[in-house]
Amino acid sequence: LVAYIIGEFDYVETMANPTVPADAKPIKIRVYTLKGESSQGTYSAEVTARVLEYFSEYFNIPYPLPKMDLIAIPDFEFGAMENWGLVTFRTAALLFDENKSSASNKERVCTTVAHELAHQWFGNLVTIHWWSELWLNEGFATFVGTLATDHLYPDWKIFTSFVDEDLQSALTLDSLRSSHSVQVEINKATEVDQIFDQISYEKGASVIRMLNACLGEQKFMDGVRIYLKRHMYGNTVTKDLWKALSESSGIDVEKLMGSWIKDVGYPVVTVEDFKQENNEATITLSQKRFISSGGMTPEEEAKYATWWIPLGITTHASPDKPLDIILTDKKQTITIPYPEGEHQFFKLNFNENGMYRVKYPKEVLNTIGEVIKIGLEDKSKEIISVCDRIGIVGDIFALARNGTEQTDNALDLLQYFEKETDYNVLSQIYTNIQELKSCWYYKEGRVSEALKKIIHKIFSPLAEKYGFEASPNDSFIDSKMRAFAISSAASSDDKKIIDELIRRLELYIQGDENILNPNLRKTAYTAALRNTTGEKAEKLYDGILNIYQTNEIADQRLVALQSLGSVKDSKLVQRTLENALNPSLVRLQDVMYSIIYLTIGNPNPRETRPITWHWLVDNWSTFEERYKTVGSILGALFKYSTYDSCDSKYIKEIEDWVKELGPRLDIIRRTVDQSIEALKEQNAWVELDNECVQAWANKYLA
Ligand SMILES: [Zn+2]
């Protein structure tokens, strides 16, 4: 990958001084920006220096060029592109201002830069043989990019975020029948664009993380070093990496990893039976592919792989040293030490290292819940880790969605988490509740009200505790937590919080820079637009639109733009959609962001979802004309315009339209198929569990 760029730019400069390996040389680093913006490049230049030093040591191969340039491009299709020695970025993925940008933007810049720099080894120094191996580039860069971020900022707990976000998003997409295997056959150019997705990136990274945990960090790193050294300036296939890792570990890695890479999907491990006797437990386990819409026939089941699954079993007797047992058959019975004692439990998939889901019998799950609860009430008794807690929540809701569990059981399980304070566990809980609320939008009843009550109960006290003002003693997580608590409380209709956000926003719009800290701005914009109508809403809308057009910080412009979709007022819904079509107002690269909140998190989804969908249909020819071969943006437009519109009458409309357009949609075929399958899955979920969820809501509100 080579890039040349000509234009007038400013830059900041620094040096990386790698000391390992011995022949590593200093590297000159420059971050280029548009004129006048270079001070916003200081942070990413610093990150680049530290990450290059880290990778030089981790891979034990020096970065081969004397310079590394990074440049912010105002209009750019991808997030970033790893051209050798000249990496291009969307502006908001590279530039950061310590006083004016948000904490989440800092995280985005660091992880994106680390990902692109990883490609200088994985991608540029050693290059894949063909697109079918894309995951080797993207999955690997995502994993080691996360490693580098963790190395730079251990307090960010970035791997916990990985489990909460990346792993869960891979599990979600890969539970569709229309998913694809990690290693995938590619015959046409239009197919290439479509595999830059959560399978190549997040699933790829998740299975690498699983392998790293299995082999151990040292042996894994040694194998990676062998691979890179052996294939420098050459081309590779996946097998080459397995071979090197087998050499370093003495384990047949190809046998272990085969099904995870070559077969579509991943398994759900079911605890079929559990018996305790003479200080031992006998557990019968089975595995089959996890499909989000359920309903697999035995014939279909037989089509899918049998996975090699590291079980990572922890118990009350060994809570942090998992038993290394591998499930290799469809069904298997194992025996583990299980002494009689207080608060007994066992849990599979330690730290959520494996990319699979687990279904427990209700009584086993409740014992885990009890132990979690005890640990949350008394920190000295916390023996189930944060990642494990995220997994428990993520799994039960996924199982509810595919009909294996009842949704009210999933909701009841949350009682064990009442004292939860960890950012990522709360984020997992919040995400699942919001998703439930979002899918139930077309049903009458009190579900939304009950779910808001849960959110209110968890987040309003936290919002109260953190307050609106940043403190100089805030950790990075504190900054994120404040924004998260306040935005969640606002989404639960906490009037006090909403009024305060609007009050501060009005002053901020009038020019009081300090009244609204950068982490709270998005929350203030969305809360204001979700909760106002008429003249007041219009005035706030104009203010936020003006921030979008004039703010000098890219990530702040972006959140202002996104927020404009949160509108409740129907006149403003039209304005947002008109703006999206006006290229002098919304850049071509950002159109999908400008409409996403019309479907997700909008206060009035029954109206805004069909309006957004019809807008897409009416303007599709324009988009085709504009984006031509840029499938990633067309795909995002389709996905966001139909998001969670799972009322069957819209699904039918969407399907009819897709049929009518036929091959014109080939460029985004995967996204179309996956979106429609996801909508049908959501519809089936709502229809199946509506009765029990309504009953749960009435009981909860009583
Ligand atoms: Zn990449």
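The values are calculated or read from the model by the stated rules, or taken from the named source; none is laboratory data. These numbers come from a predicted model, not from an experiment. Don't worry about glycine lacking a Cβ; one is built from the backbone with ideal geometry, like all the others, and counts go over all protein chains shown. Just so you know, the surface numbers come from the protein's heavy atoms only, side chains and all, with ligands and any DNA or RNA stripped out. Shrake-Rupley method; radii C 1.70, N 1.55, O 1.52, S 1.80 Å.
Restricting attention to region 128-148, does a residue exist that is in contact with a Cys (Cβ under 6 Å, 6 or more places away or on another chain) and either within 16 Å of the ligand (Cβ to nearest atom) or in contact (Cβ under 8 Å) with a residue 12 or more places away in the chain (or both)?
Our first condition is that a residue be in contact with a Cys (Cβ under 6 Å, 6 or more places away or on another chain); within region 128-148, this holds for none.
No, every residue in region 128-148 fails to be in contact with a Cys (Cβ under 6 Å, 6 or more places away or on another chain) and either within 16 Å of the ligand (Cβ to nearest atom) or in contact (Cβ under 8 Å) with a residue 12 or more places away in the chain (or both).
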Considering (1) out of contact with any Gly (no Cβ under 6 Å at 6 or more places or on another chain); (2) surrounded by fewer than 21 Cβ atoms within 10 Å (Cβ to Cβ); (3) among the aliphatic types (A, V, I, L, M), say which one Ile509 fails and leave the rest.
(1)
Only one of these is away from the ligand (no atom under 12 Å from the Cβ), farther than 21 Å from Thr236 by Cβ and more than 18 Å from the chain's Cα centre (by Cα): Leu167, Leu173, Leu152. Name it.
Leu152
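Could we say that Gly467 is in contact with a helix residue (DSSP H, G or I) (Cβ under 8 Å, 6 or more places away or on another chain), among the small types (Gly, Ala, Ser) and at positive phi here?
yes
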Given the condition touching a residue at least 12 places away in the same chain (Cβ under 8 Å), open to solvent by less than 40 Å² (accessible area, probe 1.4 Å) and farther than 30 Å from Met296 by Cα, answer yes or no: does some residue in region 171-185 qualify?
no
Members of region 517-528 that are open to solvent by less than 30 Å² (accessible area, probe 1.4 Å) and in contact (Cβ under 8 Å) with a residue 40 or more places away in the chain:
Asn517, Pro518, Leu520, Arg521, Thr523, Tyr525, Thr526, Ala527
Can you list the helices (runs of 4 or more DSSP H) lying wholly within region 109-194 that have 3 or more residues being closer than 29 Å to Tyr63 by Cα?
134-152, 158-161
Given (1) touching a Phe, Trp or Tyr at 6+ places or on another chain (Cβ under 7 Å); (2) open to solvent by 50 Å² or more (accessible area, probe 1.4 Å); (3) not aromatic (Phe, Trp, Tyr), Pro26 misses just (1)
Residues that are assigned by TED's automatic domain parsing to the domain that holds Ser491, within 21 Å of the chain's Cα centre (by Cα) and not in a helix (DSSP H, G or I): does region 610-628 have at least one?
no
Exactly one condition in (1) open to solvent by 20 Å² or more (accessible area, probe 1.4 Å); (2) in a helix (DSSP H, G or I); (3) of a type outside the set (D, E, K, R) is false for Cys439; which is it?
(1)
Residues being under 18 Å from Glu687 (Cβ atoms) and of a type in the set (Val, Ile, Thr) - total across region 392-423
2
So is Glu681 in a helix (DSSP H, G or I), of a type outside the set (A, V, I, L, M, F, W, C) and over 20 Å from Gln194 (Cα atoms) or not?
yes
Tell me the strands (runs of 3 or more DSSP E) entirely within region 214-327 that contain at least 1 residues that are open to solvent by less than 20 Å² (accessible area, probe 1.4 Å), among the charged types (D, E, K, R) and in contact (Cβ under 8 Å) with a residue 24 or more places away in the chain.
280-289
Take the residues of region 550-578 that are assigned to a helix (DSSP H, G or I) and more than 28 Å from the chain's Cα centre (by Cα): which is modelled with the lowest pLDDT?
Ser570
Out of everything in region 107-116 that is of a type in the set (D, E, K, R) and within 16 Å of the ligand (Cβ to nearest atom), what residue ends up being surrounded by the most Cβ atoms within 10 Å (Cβ to Cβ)?
Glu116
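For region 333-348, which residues satisfy the criterion of being under 19 Å from Pro361 (Cβ atoms), outside any loop (DSSP other than H, G, I, E, B) and open to solvent by 40 Å² or more (accessible area, probe 1.4 Å)? Break it down stepwise before answering.
Residues of region 333-348 that are under 19 Å from Pro361 (Cβ atoms), as a first pass: 333-336, 338, 343-348.
Then drop every residue that is not outside any loop (DSSP other than H, G, I, E, B), which leaves 333-336, 346-347.
Those that are under 19 Å from Pro361 (Cβ atoms), outside any loop (DSSP other than H, G, I, E, B) and open to solvent by 40 Å² or more (accessible area, probe 1.4 Å): Thr333, Thr335.
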Go through (1) surrounded by 17 or more Cβ atoms within 10 Å (Cβ to Cβ); (2) in a helix (DSSP H, G or I); (3) at pLDDT 95 or above and name the single condition Leu661 misses.
(1)
Quick check on region 614-623. Is at least one of its residues open to solvent by 30 Å² or more (accessible area, probe 1.4 Å) and in contact with a Gly (Cβ under 9 Å, 6 or more places away or on another chain)?
no
Counted residues in region 81-106 being without any contact (Cβ under 8 Å) to a residue 60 or more places away in the chain and either closer than 19 Å to Leu147 by Cα or buried (at least 20 other Cβ atoms within 10 Å of the Cβ) (or both) come to 3
Looking at region 403-418, can you tell me whether even one residue there is free of Cβ contacts under 8 Å to residues at least 24 places away in the same chain and crowded, with 22+ Cβ neighbours inside 10 Å?
yes
When you check Ile61 against the structure, is it crowded, with 19+ Cβ neighbours inside 10 Å, of a type in the set (Val, Ile, Thr) and part of a loop (DSSP other than H, G, I, E, B), yes or no?
yes
Exactly one of Ala205, Ala189 is among the small types (Gly, Ala, Ser), open to solvent by 20 Å² or more (accessible area, probe 1.4 Å) and either touching a Phe, Trp or Tyr at 6+ places or on another chain (Cβ under 9 Å) or more than 16 Å from the ligand (Cβ to nearest atom) (or both), and that one is Ala189
I'm told Asp644 meets every condition in (1) part of a helix (DSSP H, G or I); (2) in contact (Cβ under 8 Å) with a residue 60 or more places away in the chain; (3) surrounded by 18 or more Cβ atoms within 10 Å (Cβ to Cβ) except one. Can you identify the failing condition by its number?
(1)
